[in-house]
Amino acid sequence: MDQKTISQDILLRMVKAFVKNEVAPYDMEIDHTRSYVNNLWSKVKENDFLSLMLPEEYGGAGFNGRTSAKVINEIAKGNASLAVTLEGHFKSVDQIVKYGNDELKNEYLPQAKNRIIAFSMTEPSGGSNPMGINSHAEKRGDKWIINGDKIMITNGGLAEIYCVLVKTAPDELSFFVVDNEMEGFEYGKQENFLGLTGVPVGEIVMNNIEVDESHLLGKVGMGKEIGDSAHDDARVLMGAVLTGIMEHELDLVTDYATHRKAIDTPIIQMQGIQRKIADIAISKETTKLLYQKAAWMKDHGQDYEEEAAMAKAYGSRSAVKAGDDSLQILGGYGYSLDYPIEHLIRDARAMEIAEGTVEKMRTAIALKEAESRA
Amino acid sequence: MKIVVGIKQVPETTNVKINEKTKNIDRRGISGVINQYDRHALEAAFEIKAKTNAEVIVMTMGPDDFVVSLQEALALGADSAVLLSDRAFAGADTLATGYVLSEAIKKIGDVDLVLLGQQSVDADTGQMGPIISEFLDISQVTYASKLDVEEGGLRIKRYLENIEQDITAKLPVLVTVTDQANDPKYVNIVEIAKSFEKEVTTWHASDLNLDADRVGQAGSPSVVRSISSPKEVVKDNYKLPDNPQDAADELVKILKDKNILVEDK
């Protein structure tokens with residue numbers, strides 16, 4: 001066995017045990033209290049989950065995209081919120097690794113072991129349309145002065161470092177890295193979302209934040225490219241989260257149907273129930289194959305935009321449908337707030353919107369299909 | 001102090017299936033993990049290491065893929081690892097396994113403490129510790145629930161059914177550890193890559209001073225003739241009243257009716 005395989009096996013053993021003991025038993029409580037109870041966040045940091053994808057030269061574990069996605073998948077089986085919190089950090093770390101200059105990398109990547117990095121594009125005036133944003137950066141001497149308001153940031157409030165999309169000219173988008181210790185940085189409103197309630201989603205306000213040129217991510221005008229790259233990374237990991245949600249749904253519904261009897265027969269023997277459970281299993285396996293293919297392509301330097309969009313578009317709709325079918329099988333228990341099915345539907349529903357709507361995914365897929373035939 | 005910790009890689013799931021032909025555990029498609037009791041033995045070794053700077057060597061016998069468990073033990077904090085792997089070892093029962101492990105411990109030399117989990121969760125015999133200690137001709141303490149280092153030896157607590165034993169053991173000694181002894185830590189994710197700087201040595205049959213008739217299937221006097229899963233027993237169910245006082249009264253009545261609770265006369 002080679003080192004890579006052994007490392008991955010040890011990692012996945014550890015993650016499964018961690019999820020079983022520290023995450024899954026608190027799934028409902030995390031949803032109800034909207035927080036990572038039982039010191040979960042401290043345990044995540046202590047065991048270096050934040051360093052999973054971070055290159056070894058910056059003190060990280062240096063696992064590749066496919067392994068990291070499998071870890072996200074395992075965590076999501078226990079609690080989807082925690083998986084999405086880590087996804088938000090990983091995609092942000094990835095963009096600094098990919099586009100950061102040496103000074104920026106040396107300053108922030110070693111900190112990524114303990115401080116969450118977030119990625120913020122959306123504003124009250126624009127989400128899916130990045131040219132609609134108002135935040136801007138102005139060059140004064142050798143400094144950039146940043147002003148603006150970013151909302152609905154995954155991990156907003158929990159994260160301490162932010163990659164922010166701003167305009168550097170009326171038709172020019174660029175990314176800068178700011179942190180919560182800078183003068184002019186303020187936290188704003190926290191969102192009160194329907195699902196993934198463990199994930200803090202919030203606002204930051206930037207009032208004349210002054211940064212050096214080194215805090216520019218990539219080059220001036222690369223905002224769209226970096227944003228697209230972050231989205232692609234996030235969508236692969238969301239495919240992994242959605243697979244985990246469907247595995248959770250499948251466990252619950254199969255166990256229930258095996259033990260619940262009607263007319264002295266376990267309901268899993270009934271064809272109407274079997275069809276629903278089989279469809280959930282097919283959707284779960286398809287989403288898993290899609291995200292793993294996209295992650296493999298990423299690790300091998302191939303263009304994975306279309307596959308990442310497919311994993312998220314197919315996985316999110318399928319997980320909501322699988323949750324709805326599971327709820328129907330569990331009947332009154334499924335509809336109860338005391339059972340987890342309902343929050344799995346709310347969690348999955350978030351991913352039909354976040355990191356690009358499913359409509360936007362289909363546009364990306366169709367354009368890629370056309371491009372490949374041009 | 002030199003400590004050897006014996007570990008076993010066991011199937012991950014508790015839903016173990018039996019192969020009807022071989023009468024053995026069907027390991028196909030099931031990934032392995034370190035036997036949970038052995039995690040407590042490892043943690044006990046790391047606690048002693050933290051206090052005494054002891055050297056911790058982890059050892060297992062099995063096929064090549066058991067190296068994952070050894071590497072995991074290295075990532076957890078062991079200093080070096082030994083894999084005992086040879087086709088000749090296949091089919092070994094507890095006696096033949098204990099013989100090979102004890103010869104490997106002799107080869108390491110000057111071992112002060114041998115630690116094992118109280119039993120494995122797949123075979124559940126609990127025999128390995130006593131067998132190895134007999135072959136090594138050293139003292140043994142089984143089912144240790146608390147271990148402390150003291151001058152010249154160990155202070156050990158055993159919590160047995162109706163008694164608690166407080167034992168002082170001189171070195172060298174073999175100790176089997178229960179799951180009450182400590183709270184094993186998870187592997188730190190960053191430490192996994194660093195663990196490859198440490199060494200895993202593989203010893204084959206020819207590397208040890210072994211009597212060929214005492215290893216593998218040939219050296220195993222016990223034969224599994226049949227093995228089966230226990231049948232699920234459906235117990236009586238009672239619905240107790242909601243009121244705690246009524247529920248207690250009803251429960252006492254049921255227990256008396258079944259002669260489980262008998263009035264003191």
Q | Residue selected from segment A:1-16 under the condition crowded, with 18+ Cβ neighbours inside 10 Å and more than 7 Å from chain B (Cβ to nearest Cβ), by the criterion nearest to the chain's Cα centre (by Cα) | A | A:VAL15
Q) Does any residue in segment B:211-225 that is outside the structural domain of B:PHE135 (by TED's automatic domain parsing) and among the aliphatic types (A, V, I, L, M) come within less than 6 Å, Cβ to Cβ, of a residue that is surrounded by fewer than 15 Cβ atoms within 10 Å (Cβ to Cβ) and at pLDDT below 95 six or more places away or on a different chain, and which pairs are these? A) B:VAL224/B:LYS23
(Q) If B:ILE105 satisfies all but one of (1) over 20 Å from B:PRO63 (Cβ atoms); (2) under 15 Å from the mean Cα position of the chain (by Cα); (3) buried (at least 20 other Cβ atoms within 10 Å of the Cβ), what's the number of the condition it fails? (A) (2)
Q: Could you check how many residues of segment B:67-82 are within 10 Å of another protein chain (Cβ to nearest Cβ) and either without any contact (Cβ under 8 Å) to a residue 60 or more places away in the chain or of a type in the set (S, T, N, Q) (or both)?
A: 3
Q: Considering only residues that are in a helix (DSSP H, G or I) and closer than 15 Å to A:LYS45 by Cα, look in segment A:106-126 and name the one that is nearest to the other protein chains (Cβ to nearest Cβ).
A: A:LYS113
Q | Subset of segment B:176-198 (residues that are more than 7 Å from every other protein chain (Cβ to nearest Cβ) and among the aromatic types (Phe, Trp, Tyr)) | A | none
**Q.** Residue among A:LYS224, A:LYS189, A:LYS167 that alone is at negative phi, basic (Lys, Arg) and over 24 Å from the mean Cα position of the chain (by Cα)
**A.** A:LYS167
Q | Of all residues making up segment A:74-103, the number that are in contact (Cβ under 8 Å) with a residue 60 or more places away in the chain, surrounded by fewer than 20 Cβ atoms within 10 Å (Cβ to Cβ) and farther than 18 Å from A:ARG235 by Cβ | A | 2
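To keep it simple, each residue is scored yes or no on (1) outside the structural domain of A:GLY323 (by TED's automatic domain parsing); (2) in a helix (DSSP H, G or I); (3) in contact with a strand residue (DSSP E or B) (Cβ under 7 Å, 6 or more places away or on another chain); (4) free of Cβ contacts under 8 Å to residues at least 24 places away in the same chain.
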| position | (1), (2), (3), (4) |
| --- | --- |
| A:HIS231 | no, yes, no, no |
| A:VAL236 | no, yes, no, no |
| A:ILE273 | no, yes, no, no |
| A:ASP279 | no, yes, no, no |
| A:THR287 | no, yes, no, no |
| A:LYS293 | no, yes, no, yes |
| A:GLY301 | no, no, no, yes |
Q) Restricted to segment A:17-73, and to residues that are in contact (Cβ under 8 Å) with a residue 60 or more places away in the chain and not in a helix (DSSP H, G or I), which residue is nearest to the other protein chains (Cβ to nearest Cβ)? A) A:ASP48
Q: Report yes if some residue within segment B:118-134 is over 17 Å from the mean Cα position of the chain (by Cα) and assigned to a loop (DSSP other than H, G, I, E, B); otherwise report no.
A: no
Q. Is there a residue being exposed (fewer than 11 other Cβ atoms within 10 Å of the Cβ), farther than 30 Å from B:VAL5 by Cβ and within 14 Å of chain A (Cβ to nearest Cβ) anywhere in segment B:220-236?
A. yes
Q) Has segment A:243-266 got any residue that is surrounded by 22 or more Cβ atoms within 10 Å (Cβ to Cβ) and of a type in the set (Lys, Arg)? A) no
Q.
I want to confirm something. Restricting to segment B:13-34 and keeping residues that are within 14 Å of chain A (Cβ to nearest Cβ) and surrounded by 15 or more Cβ atoms within 10 Å (Cβ to Cβ), which single residue is modelled with the lowest pLDDT?
A. B:ILE30
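Out of B:THR202, B:THR178, which single residue is out of contact with any Gly (no Cβ under 6 Å at 6 or more places or on another chain), surrounded by 15 or more Cβ atoms within 10 Å (Cβ to Cβ) and modelled with pLDDT of 95 or more?
One residue alone meets the criteria, B:THR178.
Every residue, every condition in (1) within 23 Å of A:GLY356 (Cβ to Cβ); (2) surrounded by fewer than 17 Cβ atoms within 10 Å (Cβ to Cβ), yes or no:
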site	(1), (2)
A:SER128	yes, yes
A:ASP142	no, yes
A:GLY148	yes, no
A:ILE153	yes, no
A:PRO170	no, yes
Q: Any residue in segment B:229-245 that's of a type in the set (Phe, Trp, Tyr): show its pairings with residues that are not in a loop (DSSP other than H, G, I, E, B) at Cβ separation under 9 Å, as long as the two are six or more apart or on different chains.
A: B:TYR238/B:GLU250; B:TYR238/B:LEU251; B:TYR238/B:ILE254
Q. Across segment A:321-335, which residue is surrounded by the fewest Cβ atoms within 10 Å (Cβ to Cβ) among those that are assigned to a loop (DSSP other than H, G, I, E, B) and free of Cβ contacts under 8 Å to residues at least 40 places away in the same chain?
A. A:GLY332
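What about B:VAL56, is it touching an Asp or Glu at 6+ places or on another chain (Cβ under 7 Å), at pLDDT below 95 and buried (at least 16 other Cβ atoms within 10 Å of the Cβ)?
Against the criterion (touching an Asp or Glu at 6+ places or on another chain (Cβ under 7 Å), at pLDDT below 95 and buried (at least 16 other Cβ atoms within 10 Å of the Cβ)), B:VAL56 does not qualify.
The values are calculated or read from the model by the stated rules, or taken from the named source; none is laboratory data. In this text, all values refer to a predicted model and were calculated from it rather than measured experimentally. Note that each Cβ is placed from the backbone with ideal geometry, even for glycine, and that neighbours are counted across all protein chains shown.
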